[in-house]
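Step one of this worksheet: look at the structure below.
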């Protein structure tokens with residue numbers, strides 16, 4: 001298959017890692033960014049510290065620039081100058097409406113409409129893309145690599161896992177998704193094909209739900225959350241709610257790349273005294289001491305929060321299928337209120353008993 005020409009919405013952590021890796025593998029990638037960021041990246045290029053990947057050998061830290069990687073701040077200009085085979089969405093979920101509002105009129109007038117590979121977390125983005133651009137224009141993806149952002153276009157690979165892509169029966173080129181998994185694999189991104197998008201996406205969201213909102217609310221590490229008996233039971237209840245909502249929708253649990261999600265869900269069936277020490281190691285240790293993005297965003301004053309696309313998505317889906325989700329509702333609303341300043345930032349800081357009383 002000939003090299004692809006790809007448009008990446010943004011050069012954030014995931015966009016830089018995935019897009020940069022594809023550029024290193026011989027594909028052309030154009031990054032759409034803010035004007036100031038574009039000016040910087042045109043001078044410096046992308047910087048990818050991939051030293052933990054043994055396949056990179058001695059070249060663990062790499063710089064990518066023209067012609068493999070180009071940078072622009074104009075979506076119209078990008079489409080006027082280049083014919084793209086694929087678009088990468090690696091945005092925060094709350095940026096999806098803005099991106100689609102810019103892309104939709106171009107798709108309506110352009111002679112070609114490339115599919116969008118959605119690498120965002122949560123389960124609401126693909127339906128939004130399908131509504132705006134057409135059901136045949138979206139490929140469901142998921143990223144399990146852990147990537148740290150040091151600055152615009154400057155990342156470090158922290159955990160080497162993989163990228164999943166799932167089949168879309170509406171896609172015109174029915175073989176493209178499998179080919180794309182192979183392209184990701186060849187770019188050292190550990191690509192994996194999934195036959196059922198909804199199973200892959202909800203299973204990945206299960207991993208995102210573990211301790212993230214509670215960590216931000218309580219200003220505690222995920223390991224500390226799972227080590228606390230009451231908070232552990234709260235997290236297990238939230239997971240059980242999510243699994244019940246998935247079951248009611250006919251959604252199965254699958255392992256996502258190098259992440260044993262099915263093993264994670266076994267904790268909901270085991271006594272706490274057996275499962276809790278294992279979960280402290282599995283969930284807390286897997287982060288290597290790094291705080292969840294919810295915590296980082298809240299403490300840095302970033303708004304809005306993505307929590308409504310995680311715990312909030314569970315609540316909305318639960319209402320549709322008649323499954324109560326009180327724990328997810330509490331986590332979602334509390335973090336939204338903290339982000340909006342409706343609750344003081346230190347209201348529940350290191351006060352688990354005070355927060356658990358809200359569930360009583």
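Since every read-out is calculated from the coordinates, none of them should be taken as a lab result. Bear in mind the structure is a predicted one, so any value in this text is a computation, not a measurement. Here Cβ is always computed from backbone atoms with ideal geometry, including for glycine, and neighbour counts include all displayed protein chains.
Start at zero, step by 10 Å, and the Cα-Cα distances of the stretch 203-359 spread as 11, 42, 38, 9 percent across the bins. Classified by the C-alpha gyration tensor, the stretch 209-272 has a prolate form. Its axis ratio a/c, with a ≥ b ≥ c, is 1.5 or above, and a/b is larger than b/c. Label-to-label distance for residue 188 and residue 81 is 2.8 nm, based on points extended 7 Å past Cα in the beta-carbon direction. Between 0 and 90 degrees, rounded to the nearest ten: what's the tilt of helix 35-44 against the longest Cα principal axis of the chain? Value to nearest ten degrees: 70. What percent do you get for the relative contact order of the chain when only Cα pairs under 8 Å and 6+ apart count? Result for the chain is 14 percent. Between the helical axis of 326-340 and the dominant principal axis of the chain, each derived from Cα atoms, what acute angle in degrees is found, rounded to the nearest 10? That works out to roughly 60 degrees. The slack between residue 255 and residue 98, meaning 0.36 nm per residue of separation minus the straight C-alpha distance, is 53.4 nm.
Full extension of the chain between residue 61 and residue 346 yields a length gain of 98.7 nm, computed as 0.36 nm times the residue separation minus the alpha carbon distance.
Please determine, in degrees from 0 to 90 and to the nearest 10, the orientation of helix 96-109 with respect to the longest principal axis defined by the Cα atoms of the chain, where the helix direction is its Cα long axis. Between helix and principal axis, roughly 30 degrees.
Tell me the mean residue ellipticity at 222 nm calculated for the chain from its helices only (DSSP H runs of n ≥ 4, each -39500 (n - 2.57), averaged over every residue, nearest 500). Display every interim value, and only then the final one.
On the way: 16 runs with 161 residues, N = 360.
Helix contribution divided over all residues of the chain: -13000 deg cm²/dmol.
Across the stretch 56-73, the residues whose backbone nitrogen lies under 11 Å from the label position 7 Å along the beta-carbon direction of residue 106 are 72-73.
How many times 2.2 N^0.38 Å is the alpha carbon radius of gyration of the stretch 5-195? List each step's numbers first, then the result.
On the way: Rg = 15.5 Å, N = 191, 2.2 N^0.38 = 16.2 Å.
Against the compact-globule rule of thumb, the ratio is 0.96.
Taking label points 7 Å from Cα along the Cα-to-Cβ direction, residue 131 and residue 319 give a separation of 1.4 nm. Taking all C-alpha pairs of the stretch 287-360, those more than 18 Å from each other amount to 46 percent.
Once Cα extents along the principal axes in Å is worked out from the coordinates, which option in (1) 59, 41, 39; (2) 62, 48, 43; (3) 72, 54, 37 does it equal? Of the listed options (1) 59, 41, 39; (2) 62, 48, 43; (3) 72, 54, 37, (1) comes from this structure. Find how many whole Å separate the alpha carbon centroid of the stretch 51-116 from the alpha carbon centroid of the stretch 202-265. That distance is 31 Å.
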